[in-house]
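Just below is one structure, and these are the notes that go with it.
Every read-out reported here was derived from the displayed coordinates using simple, explicitly stated rules and does not represent laboratory data. Model, not experiment: these values are computed from the prediction. Cβ placement follows ideal geometry from the backbone for every residue including glycine, while neighbour counts extend to all protein chains displayed.
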Amino acid sequence: MTSTDTMTRLPVGTWTLDPVHSTIGFEVEYLVGTFRGQFRDVDGRLAVGDDGSATLEGSARVASVDVKDEQLAAHLQTPDFFDAERFPELRFLAEGFDVSGGEVRAEGELTIKGVTKPVAFVGTVTPPSEDPFGRTRTGAVLTAKVDRHDFGVSWNTPLPGGDKALADEVAINAELFFTAQD
Amino acid sequence: MKVLGVSGSLRRDSYNTRLLEAAAELLPEGVELAMLEGLKEIPPYDQDDDVEPAPEAVARLRERLAGADAVLFATPEYNSSIPGVLKNAIDWASRPLMTNPLRFKPVAVTGASTGAFGAVWAQGELRKVLGALGARVVEAAVAVGHAPTRFDDAGRLVDEELQGELRELVADLVAAVEDRREAAAPA
């Protein structure tokens, strides 16, 4: 059963990220439209206690950045962007949650390129349901907007008209599939 | 620690080559700077020729870059940009992109010109090119304008302020190599 209902509280339990179906990606305005990419190698965990306390943590390997051109993927790994050699992982850890009106707000710390900043992800969590293989699943769709310069990801190139080719604001989109931990 | 000096000028009495020789005198202990030779022998880049085995001069270039812990470039400015001979060598070195010997390698850029600005536009372009192929480009830069007045008749850099700036540039480059080694060391 697929559920699109939203929650009034986070689902109690310990949930492990299903990395195959989950997508952790980014989108940023570039030239004339929105450019998107994702990280293929991701993991994460959501732990929600009976008392409502919760921890969401996740990480993504920079070397697994996935865009439609391997030259661009190579460039994204370099010091011009994420600097995979020195900072091989992106991380997020949230311990402050607010669920109201069907919306979830996860306040935490995002680490990109060795810089950690407070960031809030906002979105929805789907109620737990059984999958065809007898496992319980839950899901979340969360988005945060950050200024990439705050994390030292400052590459740009000027356009002939004087503007910059790449926007400062980047949306980080997480479509998370979780499986209940045994 | 091995720093490779790459001068973008082929001229015998090049100010940029002298600038690298001056940098070689300002190195911290345990750091040596050797000059890249043979830039003139590198053929024009042609993807049809970019096969194994690479042309001999190209293989030597790639080997020298791979064997260096860091690279210090000194570029003149030709028509507001870097000399074709330098760009050509970098183009050869950059392929294949994912495994090129400059990827993640600490590099620094300086430059000398006879005019007032010290090849700042060429330096900017060189930094952009090096960033695009994945090098770790140190932020500091040293621009040597009015080059004929900065060197004595024996070709030594005599401007003390520039010596200080060059020493700092080299120190930043060395620090970038140390950071890289630290990152590579098992935790």
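What are the semi-axes of the equivalent ellipsoid for the range A:57-182, taken as the square roots of 5 times the Cα gyration tensor eigenvalues, largest first, in whole Å?
Output for the range A:57-182: semi-axes of 31, 18, 14 Å.
What percent of all Cα-Cα pairs in chain B falls into each 5 Å bin, going from 0 up to the bin containing the maximum distance?
P(r) for chain B, in whole percents per bin: 1, 8, 17, 22, 21, 15, 9, 4, 2, 0, 0.
Whole percent per 20 Å bin, from 0 to the bin with the longest distance: what is P(r) over all C-alpha pairs of the protein assembly as shown?
Per 20 Å bin, starting at zero, the Cα-Cα P(r) for the protein assembly as shown comes out as 26, 45, 23, 6, 0 percent.
Connecting C-alpha atoms closer than 10 Å in a GNM of chain A, tell me which of A:Asp131, A:Asp50, A:Asp69 has the biggest fluctuation.
Of the options given, A:Asp69 has the highest mean-square fluctuation.
Which of the helices in chain B, when you take each full DSSP H run, stretch at least 24 Å along the axis at their Cα atoms and have an average Kyte-Doolittle score of -0.5 or higher?
B:160-184
Name the long-range amide H neighbours of A:Gly37: under 5 Å, sequence gap of 5 or more, or other chain; modelled H, no Pro or chain starts.
Amide H neighbours of A:Gly37: A:Phe26.
Starting from the Cα coordinates of the range B:126-187, work out the convex hull volume and express it per residue in Å³.
It is 111 Å³ per residue.
Express the relative contact order of the range B:27-146 as a whole percentage, based on alpha carbon pairs under 8 Å and six or more residues apart in sequence.
This gives 25 percent for the range B:27-146.
Express the Stokes-Einstein translational diffusion coefficient of the range A:1-72 in µm² s⁻¹, to the nearest whole number, given a Kirkwood radius over alpha-carbon pairs, 10 °C and a viscosity of 1.306 mPa s.
This corresponds to a translational diffusion coefficient of 107 µm²/s.
Excluding residues fewer than 8 places away in the same chain, name every one of the lysines whose C-alpha is closer than 16 Å to that of A:Lys145.
The reachable lysines, counting only those whose Cα sits under 16 Å from A:Lys145, are A:Lys117.
Only four residue types carry charge here, +1 at the Cβ of Lys and Arg and -1 at the Cβ of Asp and Glu. Report the dipole size of chain A about the Cα centre in Debye, rounded to the nearest 20.
Dipole magnitude for chain A comes out near 140 debye.
Convert each backbone phi in the range A:38-55 into a coupling constant with the Karplus relation 6.51 cos²θ - 1.76 cosθ + 1.60 (shift: θ = phi - 60°), then list the ³J(HN,Hα) values in order as whole Hz, x for Gly and Pro.
8, 10, 7, 9, 9, 8, x, 7, 10, 10, 10, x, 4, 7, x, 5, 8, 10
What are the ³J(HN,Hα) values, in whole Hz, obtained from phi via the Karplus relation 6.51 cos²θ - 1.76 cosθ + 1.60 with θ = phi - 60°, for each residue of the range B:34-44 in sequence order, with x given for Gly and Pro?
Here the 3J(HN,Hα) series is 10, 8, 6, 10, x, 4, 5, 7, 6, x, x Hz.
With a Cα-only, solvent-free Debye model of the range A:1-126, what are the log10 I(q)/I(0) values at q = 0.12 Å⁻¹?
For the range A:1-126, the Cα-only Debye profile gives -0.53.
Where does chain B land at 222 nm, in deg cm²/dmol rounded to the nearest 500, when only DSSP H runs of n ≥ 4 count, each adding -39500 (n - 2.57), divided by all residues?
Computed ellipticity for chain B at 222 nm equals -12000 deg cm²/dmol.
Find, to one decimal place in angstroms, the Kirkwood hydrodynamic radius of the range A:71-112, where the mean of 1/r is taken over every pair of different Cα atoms and then inverted.
One over the average 1/r among Cα pairs gives 12.4 Å for the range A:71-112.
Cα extents of the range B:31-137 along the three principal axes, largest first, in whole Å?
44, 30, 24
How many angstrom separate the Cα center of the range B:81-108 from the Cα center of the range B:141-187?
What the calculation gives is 20 Å, centre to centre.
Which of the aspartates and glutamates could a cross-linker span from A:Lys164 if the Cα-Cα distance has to be under 12 Å and same-chain partners fewer than 8 positions apart are dropped?
Those aspartates and glutamates meeting the cut-off are A:Glu29.
Using just the C-alpha positions of the range B:1-63 as equal point scatterers, what log10 of I(q)/I(0) does the Debye formula give at each q in 0.15 1/Å?
Normalising to I(0) and taking log10 leaves -0.58.
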